[in-house]
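Coordinate-derived values only; no laboratory data. Remember, predicted model here, so these are calculated numbers, not experimental data. Cβ atoms come from the backbone with ideal geometry, glycine included; neighbour counts cover every protein chain shown.
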Amino acid sequence: MKKRFKKVFTAILSVITFFSLCFGVSKVDADEVFNGNVKRAIPIYNVATDEKKISISFDCAWGTEFTDGMLSVMDKYNVKSTFFCVQFWVEKYPETVKKISDAGHEVETHSATHKYMSKLDEQKIKDEINTSKEAIEKITGKKVTLFRPPYGDYNDRLINTVSSMGLYTIQWDVDSLDWKDLSKEKITERVIKKVKCGSIILCHNNGAHTLEALPAIFEVLISQGYTFVPIGELIYKQGYFVDTLGTQRKK
C-alpha cells in the first residue's frame, strides 16, 4: 500500500513540476492540474472570424538577399504583410526596413538580440522590447504594437510583461517550415493546406525557397477568396480573449 501511494504521489508531483516548468507557473495546485483549470497567459496564434482574412508574416534576423524580391511579389498581388525584425538586423539594414515600411507593410519587433526570452527576468524583457521598438520607430516613424518571441519561446512572465507594455504577442498557426529549406512546392502545399479564416502564416525573409513559393501561395489563396492583411488589421484590439489553443475571440 505504501509503495502504491508513493508511486501515485510521485506521479502527481511530476505532473505539477511539468506544468510549472512549461507554463512558467511558480505554484500549481494539484486540483487545478487534474481539473484542467490551470490558467496561463497565451499569445495570439490565429483569430476567430467568419471573414476570409489572413495574414502572412516574415521573421527577419539574418540577411536581405530575398527581401526586395518579396516586396515586389507582394506589390504585384496587392498583399500587405507584417515583418518581425530583430534590432541588430534593423540596425544593419535600415534602408531595407524603411523600404518595407514605405511599401505599406508593418514592421514590428522580434526582440533586440534574439534570445530565449522566457529565461529573462521582467526588466531584461522590457529592455529587449524597448530598445528594439526605439530602433524600428526611429526608422519608420510608426509605432510598434506587435511582438513575436524568438523561437516561439514564451512563458507567463513574458506574455504578461509584453502586455503591460501595450503590445500584443503574436505567434502563428501555419508554419511554412521554410527555415528547413523545403522546396517551393512543399512550402506552398503546407501553407495552402493549413490556412483557414483568421490564420497567421509564418515565413522568414531569408528562407532559401520562400520567395519562389510566394506567387503560387498568393494566386491559390486569393483565388479561394482570401484577403491578405497585416496582423495589426487582423487581430481584435479590444473586447477579446485568447482561448487555450491561442485563438483570439470576441467576448
Report summary line: Fewest-first ordering of Leu120, Leu221 by Cβ atoms within 10 Å yields Leu120, Leu221
Requested in this report: Grab the beta carbon distance between Lys99 and Glu134, set R0 = 22 Å, and tell me the FRET efficiency rounded to 0.05.
Outcome: 0.65
**Report entry** Interchain or long-range residues, amide H under 5 Å from Ser176's placed H
**Finding:** Leu202
Report summary line: Residue-ordered couplings for the stretch 90-103, obtained by feeding phi - 60° into the Karplus form 6.51 cos²θ - 1.76 cosθ + 1.60 and rounding to whole Hz (Gly and Pro as x), are 4, 6, 7, 10, x, 5, 5, 4, 5, 5, 4, 5, 5, 7
Query raised in the report: When DSSP assigns beta bridges and you keep just the ones with both residues in the stretch 46-250, what percent turn out antiparallel, to the nearest 5?
Result: 10 percent
Query raised in the report: What order do you get for Ser132, Ser81, Ser183 when you list them from fewest to most C-beta neighbours inside 10 Å?
Result: Ser183, Ser81, Ser132
